[in-house]
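One structure is given here, and the rest of the page talks about it.
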Amino acid sequence: MGTSLTTEFWERFSVLLVVALAMTAILTAVFTTLFDALTARLYGRRLHRTASRIPHPRVPADRPTPAHH
């Protein structure tokens with residue numbers, strides 16, 4: 001037994017489809033922004049932590065600084 005899809009169905013369907021697409025776009029933009037900020041913060045912390053762990057070479061005061069080519 002088949003049923004026909006009424007005009008009311010298509011109106012509701014189109015409204016719900018537009019709302020769903022709008023919500024998807026908004027949520028994608030929000031989460032992308034938050035994820036980018038979190039990634040930048042973690043990357044900055046990693047660079048700071050890595051830079052602080054690298055030992056700086058100590059050159060005795062009586063020796064000249066080596067020239068790097």
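The values are calculated or read from the model by the stated rules, or taken from the named source; none is laboratory data. None of these values were measured; they are calculated from a predicted model. SASA here: full protein model, heavy atoms, side chains in, ligands and nucleic acids out. Shrake-Rupley method; radii C 1.70, N 1.55, O 1.52, S 1.80 Å.
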Using only protein heavy atoms and a 1.4 Å probe, report how much of T39 is accessible, in Å² to the nearest 10. 60
Using a 1.4 Å probe on heavy atoms of the protein chains only, the accessible area for T33 in Å², nearest 10, reads 90
